[in-house]
Amino acid sequence: MSTEQAPNANFKPRVFSGIQPSGGLTLGNYLGAIKRFVDKQEEGIETLYCMVDMHAITVWQDPAALRRQTRELAAGYIAAGLDPAKSMLYNQSQVTEHVQLGWIFNCVARMGWMGRMTQWKDKAGKNAEKASLGLFAYPALMAADILVCHATEVPVGEDQKQHVELTRDIAAKFNHDYETDFFPMPEPLIQGAATRVMSLRDGSKKMSKSDPSDASRINMTDDADTIAKKIRKAKTDPDALPSDAKGLEDRPEARNLVNIYAGLADMSVDQVLADVGGKQFGEFKPMLADLAVAKLSPISTEMGRLMQDPAEIDRTLTAGANRARDIAAPIMDRVYNIVGMVRPV
Ligand code: AMP
Ligand code: TRP
């Protein structure tokens, strides 16, 4: 047996990603993640996309809210273009192989690796003693999500890059410790003009569903008036827009709005600035609001329609889980065997 890292050439290309149903979807989730999920689906690669509910409960979730948000996230996936006939859409908790591999990875990953994760440091803050053990172990479960289906590509926003790199470290340590080349080395895919959408109120903070200020984010369920109002009130500086990307350096709020425009329009930042360079925000903001409403309204309308039939969403997710289990179960049988265990039938 070889102790070399497994080249992904030996693995079928496969895409996995997930979003936590811990609140509503934001424009950051859409541009950083979901739009990229759809791109991958359209390339015809095998794609698996989860509602990572086991991750969501690393911080307290009201059970009824979790149930509703999980369905709403699924509705968001479908409304934004994920097709359950093409992509496997399911809840992480429905495919128990995820947590089985998560535990094994808790025993492979090192405390020091976890302690260095910036998301852990941000979320636990000074109150680490009070954080759940699950929040600390969170990246090991994320590694399990990715590796339980031997995914080779992981579309995520910029903030998740460190976790995907950790996934590679866990895969490499497992392969090394057990003298195997069983796990691939998944690649993070961080693509598009808006891989890190920032708060509309503070250009140094990520747009997040957990920000206490609703004005800081655009929710996928916001109506046209709310979207326009939030963009009109977004923090900016007094200068006109520059004509190239270099002119956005040290202008985080201006850069953020241009990135959002580029992300929504599927243009590069330079293309956008070639059109709008020299304009004042008083002129640019209404253009951005119109574009955002044009792109987001059909999605939120479709989400609303899908949410009227929760039983249909549940059926779709159960079907997705069954397909995902067909991939994960034989992989977990082999993992148990490698580790020296027998998986229950
Ligand atoms: P979360 O909502 O934390 O579960 O994130 C789900 C996905 O959305 C991950 O791939 C994140 O990287 C991505 N994401 C979340 N917020 C943003 C943001 N503000 N900008 C870009 N991507 C984001
Ligand atoms: N940690 C990711 C986030 O908060 C969500 C996630 C869980 C994920 N498991 C994953 C993303 C596997 C990609 C692949 O954004």
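Here are the numbers for the structure shown:
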quantity	calculated
Charged-residue dipole, Cβ positions (Lys, Arg, Asp, Glu), the chain about Cα centre, Debye nearest 20	740
Acute angle (nearest 10 degrees) that the helix 161-177 long axis makes with the longest principal axis of the chain, alpha-carbon atoms	10
Gaussian network model of the chain, springs between alpha carbon atoms under 10 Å - residue of LYS130, LYS12, LYS35 with greatest fluctuation	LYS130
Whole-number percent relative contact order across the chain, with pairs defined as alpha carbons under 8 Å at least 6 apart	24
Cα-based Rg / Dmax (Å) for segment 63-106	13.0, 35
Efficiency of FRET from Cβ geometry, ASP333 and LYS173, R₀ 22 Å, rounded to 0.05	0.55
Listed pairs LYS126/LYS230; LYS35/LYS130; LYS12/LYS121; LYS173/LYS209; LYS12/LYS161 exceeding 26 Å between Cα atoms	LYS126/LYS230; LYS35/LYS130; LYS12/LYS121; LYS173/LYS209
C-alpha center-to-center spacing [segment 11-88, segment 208-263] in angstrom	24
Segment 330-341 - phi-based ³J(HN,Hα) in whole Hz, Karplus 6.51/-1.76/1.60, Gly and Pro as x	x, 5, 5, 4, 6, 4, 4, 5, 4, 6, x, 10
Relative contact order for segment 214-305, counting Cα pairs under 8 Å that sit 6 or more residues apart, in percent	38
Ranked by how many other beta carbons lie within 10 Å on average, peptides 321-330, 215-224 from highest	215-224, 321-330
Segment 16-77: chymotrypsin sites (Phe, Trp or Tyr not before Pro) falling in loop per DSSP and having at most 10 other Cβ within 10 Å	TRP60
For the chain, alpha-carbon Rg over 2.2 N^0.38 Å	1.03
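The numbers here are math on the coordinates, done by the rules we state, and not lab data. None of these values were measured; they are calculated from a predicted model. Here the Cβ is made from the backbone with ideal geometry for all residues, glycine too, and neighbour counts use every protein chain on show.
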